[in-house]
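The values are calculated or read from the model by the stated rules, or taken from the named source; none is laboratory data. All values reported here derive from a predicted model rather than from experimental measurement. So basically every Cβ, Gly included, is an ideal-geometry build from the backbone, and we count neighbours across all protein chains shown. Remember, those area values only see protein heavy atoms, side chains included, never the ligands or the DNA or RNA. Shrake-Rupley method; radii C 1.70, N 1.55, O 1.52, S 1.80 Å.
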Amino acid sequence: MSHESHLFYQTGARRPVLAEARGIYMWDVEGKRYIDGSSGAMVSNIGHSNPRVLEAMHAQMAKSTFGYRLHFETEPGELLAAKVAALSPEGMEKVFFVSGGSEAVESAIKLARQYAVTVGQGSRWKVISRTPSYHGSTLGALALTGYDPLTAPFLPMMQAMPKIPAPRAWLDGLDINDPATGAHYAAMLEAKIIAEGPDSVLAFIHEPVGGASTGALVPPAGYMQAVREICRRYNVLLIHDEVMSGGGRTGRFYGADHWGVVPDIIAISKGFGAGYSPLGAMIAADRLVDAVLGAGGFMHGHTYAGNPLACAAGLAVLDEIEAGGLIDNAATVGAVLKARLGALMQRYPFIGDVRGKGLLLAFELVSDRQTMAPLPKGLNAYVELVELAYAEGLIIYSRRSRGGIEGDHFMVCPPMITTEAQIDEIMVMLTTALDRFADRLAPTLARIA
Ligand SMILES: Cc1ncc(COP(=O)(O)O)c(C=O)c1O
């Protein structure tokens, strides 16, 4: 479209107009086809325009699209909450619906705070998080986010929250499979709790499998368990931000299920609504919710929360995941894709790392694999390669890898319905884009070699 748009988001940049989307494919109004190699922003987990989900939504629309939660209970809401509770760890069976990831995280820290106040621990308010991390764009969730470009303009408006380094073993030259590595990073949490004063620390929040800020960080051996233990020792609530890693993409319903670790609160969204409706949830330990409701109620809520149309969509998405064995497919096809991405390291010396679980995968570009020094910042590789892939008809998702300041990583996260034949298609397009990128960068790469 060439006319002036009244819409704006992060930048004024324009993109082609979407005409239709089916499965892992999308078409613009000019007829160009794209593979949704990042499921949008790791959202469209079951692919686009699934006929059974659309049918369930149409059926619900014919009955009601909105019933305010203070006026009515709804059948889809009750059924979806029961289904989520059944998928969640024992003892974490209370579900609070929201419309997105930031809302889920806000809800989590507010429930944690109200619980602390309720049980006579009102001195606890600090929520420790990691750098880099992303927990959302609203001011409460942003205060937890460790990504300078996003937080810097708003610092005077937020309550500063303590941060510890994310366990990026690949940058520190540590072995991810060595339990000493997990212990090393977990000790940073304990040290921070002690430094802040244990009685002031309310919670620790982290992403069990990292999202866009770390490029699919997988925690080192022992880290998840050690963090759980430290939180228990200091009476600090453990919040898992599974907004991106929850819903099956990693090959388990929750990312933390890979380690069998049970937190106190979980935030989910993205793949939970899978792009069919804005939907998210906070899942909390029964004891927290019982205490808060018993003391007069949770002082928090969002208007669209739990609306029947969103819940009907969410239910149909979960049914589809179950019926299609999509979590197993994410594990199997994800392993194939990860191996194929890993093999690219032979061909492109500037790929420094490939990581992730299931279909939550990323690769990172470097100028030197030994030191993991990033590519020169001014190259803007994180934009360049995405554009080259886009021109080929492949959508991937990138971020600056080093806390938003420098470095370049790329999420390759197609929908959980992706077949091995479609992985071939993705790899052809990605390789073409990487070849073009290598050509374009040849003079710079020769200079830094
Ligand atoms: C781990 C994580 N938490 C929270 C959010 C915020 O979700 P939303 O953009 O739906 O508000 C995101 C979004 O990217 C995320 O990846």
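With 25 Å as the limit, write out which pairs from K32/K357; K63/K110; K110/K192; K270/K338; K32/K63 have Cα-Cα distances beyond it, or answer none.
Result: K32/K357; K63/K110; K32/K63 exceed 25 Å.
Return the distance in nm (one decimal) between the two label points of a simple spin-label model at D178 and R33, each offset 7 Å from Cα along Cα→Cβ.
4.8
Quick one: accessible area per residue over region 183-235, 1.4 Å probe, rounded to a whole number of Å²?
Value returned for region 183-235: 31 Å² of accessible area per residue.
If you average the alpha carbon positions of region 286-324 and of region 221-273, how far apart do those two centres end up, in angstrom?
The two parts, judged by their Cα centres, are 18 Å apart.
Considering the alpha-carbon set of region 305-440 alone, what are its Rg and its Dmax in angstrom?
Answer for region 305-440, Rg first and Dmax second: 16.9, 53 Å.
Stretched out fully, how many nm does the piece from D286 to S200 gain, at 0.36 nm a residue minus the Cα gap?
Result: 28.6 nm gained on full extension.
So which aspartates and glutamates pass the test for K377, namely a Cα distance under 19 Å, with those fewer than 8 places away in the same chain ruled out?
Partners found: D148, D353, E364, D368, E387, E406, D408, D439.
Per DSSP H run of n ≥ 4, the term is -39500 (n - 2.57); total these for the chain, divide by its residue number, and report the mean residue ellipticity at 222 nm rounded to 500 deg cm²/dmol.
Computed ellipticity for the chain at 222 nm equals -12500 deg cm²/dmol.
Out of the DSSP beta bridges found with both residues in the chain, what percent are antiparallel (nearest 5)?
If we restrict to bridges inside the chain, about 70 percent are antiparallel.
Counting only protein heavy atoms and using a 1.4 Å probe, what share of the accessible area of region 162-242 belongs to carbon plus sulfur, as a whole percent?
Result for region 162-242: 54 percent of the exposed heavy-atom area is carbon or sulfur.
GluC sites (Glu not before Pro), restricted to region 82-173: which are DSSP loop and have at most 15 other Cβ atoms within 10 Å?
E90
Along the Cα→Cβ direction, 7 angstrom out, place labels at D319 and M299. What is the inter-label distance in nm?
That separation, rounded to one decimal, is 4.1 nm.
Taking 2.2 N^0.38 Å as the expected size of a compact globular protein, what ratio does the Cα radius of gyration of the chain give against it, to two decimals?
For the chain, the normalised Cα radius of gyration comes out at 0.97.
Using a Gaussian network model of the chain whose springs link C-alpha atoms within less than 10 Å, name the residue from T419, T131, T303 with the highest mean-square fluctuation.
Maximum among the listed residues: T303.
If I take R0 = 51 Å and measure r between the Cβ atoms of T432 and F72 in this structure, what FRET efficiency does the formula 1/(1 + (r/R0)^6) give, to the nearest 0.05?
Efficiency computed from Cβ-Cβ geometry: 0.45.
What residues qualify as long-range amide H neighbours of K94, i.e. H under 5 Å apart, gap of 5 or more or another chain, H built at 1.01 Å from N?
It is A284, D286, by chain and number.
Run through region 94-136 and list the trypsin sites (Lys or Arg not before Pro) located in a DSSP loop whose Cβ has at most 10 other Cβ atoms within 10 Å.
Qualifying residues, ordered by number: none.
Could you work out how far apart the two model spin labels at M61 and D424 are, taking each label as a point 7 Å from the Cα in the direction of the beta carbon, and quote it in nm?
Spacing of the two 7 Å Cα→Cβ label points: 3.7 nm.
Between L18 and A373, how high is the FRET efficiency from 1/(1 + (r/R0)^6) when r is the Cβ-Cβ distance and R₀ = 45 Å? Nearest 0.05.
Computed FRET efficiency for L18 and A373: 0.70.
I'd like the distance separating the alpha-carbon centroids of region 390-440 and region 165-195, in whole Å.
29
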